[in-house]
1. Please find, among Ala437, Ala477, the residue that is surrounded by 14 or more Cβ atoms within 10 Å (Cβ to Cβ) and in contact with a strand residue (DSSP E or B) (Cβ under 7 Å, 6 or more places away or on another chain).
2. Which residue, of Arg447, Arg455, Arg417, Arg489, is modelled with pLDDT of 95 or more and farther than 24 Å from Pro282 by Cβ?
3. Going through the range 329-340 one residue at a time, which ones are in contact with a Lys or Arg (Cβ under 7 Å, 6 or more places away or on another chain) and crowded, with 20+ Cβ neighbours inside 10 Å?
4. Collect the residues in the range 374-393 that are in a loop (DSSP other than H, G, I, E, B), free of Cβ contacts under 8 Å to residues at least 60 places away in the same chain and within 19 Å of the chain's Cα centre (by Cα), keeping them in residue-number order.
5. Tell me whether the range 75-97 contains one or more residues that are part of a loop (DSSP other than H, G, I, E, B), under 17 Å from Leu244 (Cβ atoms), away from the ligand (no atom under 13 Å from the Cβ) and touching a helix residue (DSSP H, G or I) at 6+ places or on another chain (Cβ under 6 Å).
6. Filter the range 13-53 down to the residues that are exposed (fewer than 11 other Cβ atoms within 10 Å of the Cβ) and assigned to a helix (DSSP H, G or I) and list them by number.
7. Please pick out the residue among Ile11, Ile7, Ile41 that is among the aliphatic types (A, V, I, L, M), within 30 Å of Leu247 (Cβ to Cβ) and away from the ligand (no atom under 16 Å from the Cβ).
8. Which is within 18 Å of Asp483 (Cβ to Cβ) and over 23 Å from the mean Cα position of the chain (by Cα), of Tyr404, Tyr422?
Amino acid sequence: MSRQQEIKKLIDLRAEARLGGGLKRLEKQHSKGKYTARERIEMILDEGSFEEFDMFVKHRCRDFGLEKEQYLGDGVITGHGTIDGRVVYIFSQDFTVFGGSLSETYAKKICKVMDQALLVGAPIIGINDSGGARIQEGVMSLAGYADIFQRNIMASGVVPQISAIFGPCAGGAVYSPALTDVVIMSDKTSYMFVTGPKVAKTVTGEDITTEDLGGATVHATKSGVAHFRADDEDEGIMLIRKSLEYLPQNNLEEPIQTECTDPIDRINDELNDIIPENPNAPYDVKDIIYTIVDDEEFLEYHRHYAKNIVVGFSKFNGMPVGIVANQPNYLAGVLDINASKKAARFVRLCDAFNVPILTLVDVPGFLPGSNQEYGGIIIHGAKLLFAYGEATVPKVTITLRKSYGGAHDVMSSKQLRSDINYAWPSAEIAVMGAQGAVEILEGRKVRSIENDEEREKFVQEKEDEYKEKFANPYVAAQHGFIDDVIEPRNTRFRIIRAFRTLSTKKQTNPPKKHSNIPL
Ligand code: HXC
């Protein structure tokens with residue numbers, strides 16, 4: 001073969017590989033409103049930055065006639081490229097080849113990019129669109145999945161791992177995304193479940209559609225498996241790129257600081273009036289977040305799940321910061337099982353990747369009742385407590401209004417090693433609210449007063465006395481648990497100054513194999 005023929009062969013083979021499972025199947029993919037595996041990579045990465053690995057890999061299965069059906073690349077496209085100039089590794093499952101199902105060689109391709117991502121300390125992006133284990137390969141395929149899981153586990157907390165689900169993701173295959181830091185699902189075109197509707201029908205008799213069992217809405221609202229439900233793949237791709245903007249390349253690096261054009265000394269007078277006079281009236285804590293962060297930008301995780309707590313990333317003076325905030329607009333911002341799990345996972349994500357944490361507190365306590373107790377609120381609430389107490393990144397806490405009972409301790413209190421704790425003058429830091437306290441402390445006396453008017457007067461006096469004494473920030477400030485009571489309108493620059501001061505913070509936990517967080 002002449003040199004020119006050799007080069008032509010290479011070009012032909014590349015063209016063949018790029019066709020995946022063939023034109024017909026590529027068209028079918030488009031007809032379902034989905035991009036192809038290669039189109040997704042092109043859109044995710046910086047233009048022209050993709051370097052592909054293992055384009056010529058073929059499967060080794062010799063059963064069920066599969067030896068006659070070969071596709072270059074074997075159903076998954078792998079390699080590396082850049083996002084905003086920073087290196088990332090990527091794999092993208094190609095549904096046009098055997099339904100994107102995973103074979104032994106396919107798994108090896110994914111493992112190769114994961115191994116190299118760990119070697120160089122770069123994020124891993126996985127695009128899932130697959131019918132699961134390649135049935136013809138049996139246990140070889142199952143082993144391949146386990147090889148990937150093991151790498152997901154080793155990479156956890158070392159390099160960011162982002163999963164997008166843009167098609168089927170079923171059976172044990174769901175556990176690879178579940179082990180990663182960010183899960184994005186495209187609405188109506190993706191689903192995830194351990195067992196599908198048919199198995200559910202056979203085993204439990206339940207009649208349920210694919211969408212209702214494992215669609216994006218279900219996982220973004222009910223299960224919490226998905227951090228983001230994207231309207232379509234375009235939004236999903238934008239979210240992949242956006243989520244990496246707030247994370248460093250790996251756990252040994254700091255997040256990237258970008259230029260900030262939003263004035264750092266911006267005063268926001270409207271914040272002085274944002275807390276309603278009525279202590280039980282709701283308000284939207286996101287109004288406060290959007291006001292204080294750079295350029296009103298907030299990437300909210302789990303927006304539709306456990307809405308009584310808000311978590312996500314913003315920047316202050318161009319520096320990424322993770323925000324955790326109770327949401328008085330939903331269930332009064334109470335801490336329950338799902339809110340505790342959601343926030344705990346987010347705090348650990350920030351801590352693993354050196355992102356400072358800002359906590360905005362307005363919490364009436366933990367949600368009471370048998371539902372929560374039977375569901376294990378003790379163990380789940382402990383997760384959040386543990387996550388805050390273990391975190392060594394800079395932590396700034398601002399108490400906006402209520403900070404009651406155990407929830408006060410949990411929400412990044414001074415004693416859980418929060419570095420700087422401020423309170424607004426509207427803060428109420430106490431064991432419980434005035435009404436509850438008077439009911440317990442003065443109950444017998446209240447019941448003994450027969451005259452309605454006198455009784456009401458007595459209760460009011462006692463509540464006022466309690467509020468004066470405890471339901472304010474000054475008792476905590478007297479003890480140094482609150483470092484300063486600040487005017488709400490100055491919040492932005494006080495936060496920026498606090499994080500700037502803390503930027504050289506170094507704190508380590510005692511050496512151990514690993515902690516035993518209450519799972
Ligand atoms: C081999 C598969 C396949 C699989 C699909 N195909 N799934 N080939 N192994 N798991 C092939 C089909 O034969 C077909 O080939 C092509 O992919 C497209 O599939 P269709 O069924 O035509 O597509 P669609 O109607 O869109 O349905 C997609 C699907 C369905 C819902 C994913 O294919 C399906 O149910 N597949 C099986 C899913 C499954 O049970 N997987 C195992 C799960 S258990 P042609 O040649 O016609 O294009 C598991 C264990 C993991 O994954 C363990 C980890 C620990």
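1. Result: Ala477 is the single residue among Ala437, Ala477 that is surrounded by 14 or more Cβ atoms within 10 Å (Cβ to Cβ) and in contact with a strand residue (DSSP E or B) (Cβ under 7 Å, 6 or more places away or on another chain).
2. Only one candidate qualifies: Arg417.
3. Ser340
4. Correct list: Ala391 only.
5. Within the range 75-97, none of the residues are part of a loop (DSSP other than H, G, I, E, B), under 17 Å from Leu244 (Cβ atoms), away from the ligand (no atom under 13 Å from the Cβ) and touching a helix residue (DSSP H, G or I) at 6+ places or on another chain (Cβ under 6 Å).
6. Those that are exposed (fewer than 11 other Cβ atoms within 10 Å of the Cβ) and assigned to a helix (DSSP H, G or I): Ala15, Leu23, Lys24, Ser31.
7. That would be Ile41, the only listed residue that is among the aliphatic types (A, V, I, L, M), within 30 Å of Leu247 (Cβ to Cβ) and away from the ligand (no atom under 16 Å from the Cβ).
8. Within the list Tyr404, Tyr422, the selection yields Tyr422.
The values are calculated or read from the model by the stated rules, or taken from the named source; none is laboratory data. Owing to the predicted nature of the structure, the values given are computational and were not obtained by experimental measurement. Here Cβ is always computed from backbone atoms with ideal geometry, including for glycine, and neighbour counts include all displayed protein chains.
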